[in-house]
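First the structure, in the form of structure tokens, and then the observations on it.
The values are calculated or read from the model by the stated rules, or taken from the named source; none is laboratory data. No experiment lies behind these values; they were computed from the predicted model shown. Heads up, the Cβs are rebuilt from the backbone with ideal geometry, glycines too, and the neighbour counts pull from every protein chain shown. What goes into the accessible areas is simple: the full protein's heavy atoms, side chains included, and nothing from ligands, DNA or RNA. Shrake-Rupley method; radii C 1.70, N 1.55, O 1.52, S 1.80 Å.
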Amino acid sequence: QEAHDAYADVKQYSDPCGQEAHDDIIKRLLCTQYDKVGNLLTSHEKINSLGLSGVKLQTACSGTDAPALALQFFEDAAQRHGRTFKQDHVMSCEIEPFKQAYLQNNFDSTIYPDIGKLTDQEGGSPRDIFGIQQPIPDGNFFVAGTVCKNFSMMRGSMRIDIEDKGQSGETFLAAVNFLEQETPAFALFENVLGAPWEKMDEYITGKVPVFLSEESKKSVRLDKTNQQAKEAGMVIKFVKEDNTYVADEVGGYYGVKPGQKLTKILRFGTGEYEDIEWSISGKSKCTLAEIKKAHSLKADKPTSKKKGDEPQTDYLI
């Protein structure tokens, strides 16, 4: 009802884009950027090898959908260069009614009201902002600027982590669920610098290093001075299901959802993936440390403390 009320006064949310002084500056900057990467973006060989026919944009926590505007500018720049850059803004997801009104008035995308209700819908497709069930449009580029306030350094001791049921964690995990369900070719996440990016990367990619530094910053809530809490946060417990490892209890330093299956190991140095099955004889439960021992997993610290020097570690997939 709030959305419908907001649409009643269309003029209140009319789009001034292209009329403000700074709009031309932004457009010029984006067009300059296109000049640098235009050949790459319009390469038919690259597009065809990925099975794509242009960019089909899906956004979540959409706000005013700046990514869609940027792609429009890129399309305009391509035309001025005699090239073709196809783009289609197919989906938005925004919970604020006045922002929904802006999106409805300025884009042709399907708009959903709640990122937390995009996936695993019982009885069919999620409902759009008008309450109508709409299948999620096919896309190949997903952009999510999930809520940042719980991760922000401005909150000091009030910061909470991904798993603490704050808006930041809930919207981020909902975006990860969308990735797992829809599997777009590309995804871009935006958040504050102080967010737990290492752990977020693990949730997004499903790739978890066996090595974990004692100085890890992957958790924003665990008390690093409490040794007992610190050690508990560095543990993953698994249970045996169909001869596979299934995460059961996950410490706060890991971007792993309980119930996820461990399917492969990525070996350090070789880049080869190996299938993995339960190898802890006589037990139906185990820890990450036991898996490390049973499968001879490598988990060595970086050879130096130079910035960018990576640990010599295998990865769990």
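For the range 185-216, the set of residues classified as of a type in the set (A, V, I, L, M), surrounded by fewer than 19 Cβ atoms within 10 Å (Cβ to Cβ) and in contact with a Leu (Cβ under 8 Å, 6 or more places away or on another chain) consists of Ala185, Ile204, listed by residue number. Residues that are of a type outside the set (D, E, K, R) and open to solvent by 80 Å² or more (accessible area, probe 1.4 Å) were ranked within the range 217-238; the one that is modelled with the highest pLDDT is Gln228. For the range 124-139, state whether one or more residues are in contact with a His (Cβ under 8 Å, 6 or more places away or on another chain), surrounded by 17 or more Cβ atoms within 10 Å (Cβ to Cβ) and part of a loop (DSSP other than H, G, I, E, B). Within the range 124-139 (the criterion being in contact with a His (Cβ under 8 Å, 6 or more places away or on another chain), surrounded by 17 or more Cβ atoms within 10 Å (Cβ to Cβ) and part of a loop (DSSP other than H, G, I, E, B)), the answer is no, since none of the residues qualifies. Checking Gln100, Gln79 one by one, the residue that is open to solvent by 80 Å² or more (accessible area, probe 1.4 Å) and assigned to a helix (DSSP H, G or I) is Gln79 and no other. Restricting attention to the range 104-123, the residues that are open to solvent by 30 Å² or more (accessible area, probe 1.4 Å), in a loop (DSSP other than H, G, I, E, B) and either of a type in the set (Asp, Glu) or touching a residue at least 60 places away in the same chain (Cβ under 8 Å) (or both) add up to 5. Is it fair to say Val143 is over 17 Å from the mean Cα position of the chain (by Cα), modelled with pLDDT of 90 or more and on the phi < 0 side of the Ramachandran plot? So Val143 fails the test.
If you check Gln19 against the conditions, is it outside any helix (DSSP H, G or I) and either touching a Gly at 6+ places or on another chain (Cβ under 6 Å) or modelled with pLDDT of 90 or more (or both)? No, not satisfied. Taking residues in the range 278-296 that are of a type in the set (Ser, Thr, Tyr), and partners anywhere that are part of a helix (DSSP H, G or I), the pairs with Cβ atoms closer than 6 Å and at least 6 places apart or on different chains are Ser279/Ala294.
Counting the residues of the range 82-95 that are open to solvent by 30 Å² or more (accessible area, probe 1.4 Å) and either of a type in the set (S, T, N, Q) or over 18 Å from Phe142 (Cα atoms) (or both) gives 4.
The strands (runs of 3 or more DSSP E) located wholly in the range 249-317 include none with 2 or more residues which are among the β-branched types (Val, Ile, Thr), within 30 Å of Glu170 (Cα to Cα) and modelled with pLDDT under 95.
Candidates in the range 161-176 are the residues that are in contact (Cβ under 8 Å) with a residue 12 or more places away in the chain and open to solvent by 50 Å² or more (accessible area, probe 1.4 Å); of these, the one that is farthest from the chain's Cα centre (by Cα) is Asp164.
Condition check for Asp138 on (1) closer than 22 Å to Leu173 by Cβ; (2) touching a residue at least 60 places away in the same chain (Cβ under 8 Å): one failure, at (1).
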